[in-house]
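Below is one structure, written out as structure tokens; comments come after it.
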Amino acid sequence: MSLEHVVGLGIVLFAIGAAGFFVRSNALVLLLCVELMLNAVNLILAGFSRYLHGTEGQVFVFMIMTVAAAEAAVGLAILVALCRLLGTLDMSRINILKG
């Protein structure tokens, strides 16, 4: 698989994640779309790392995976708390942070 294929696949995955993030209103789907975008960036970084025979891209991939894991843990905990409190995950109905 060439670098063009890897970058193309990464761009398609990122576009799907971005479209889902801007179109959907379910908080859980938004969280999954962010994860998809982070994994698309990971794919592109790993592709460039392999193409350039360097390790910098792999280091960035591990950093992004760490951020994604933290984001998933904190985000899911917040979503569970919001779902228990409000009974919905619809972002248009969640206005608890407004003053």
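Every number in this text was worked out from the coordinates using simple rules, so none of it is lab data. Just so it is clear, the model here is predicted, and its values are computed rather than measured.
Couple of notes before you dig in:
- Residues with amide H under 5 Å from that of ASN26, placed H, sequence gap 5 or more: MET91
- Helix 56-86 and the long axis of the chain differ in direction by around 10°, with both axes built from C-alpha atoms.
- Take the Cα radius of gyration of the chain and divide it by 2.2 N^0.38 Å, N being the number of residues; the result is 1.30.
- Percentage relative contact order, the chain, counting C-alpha pairs under 8 Å, at least six apart: 28 percent
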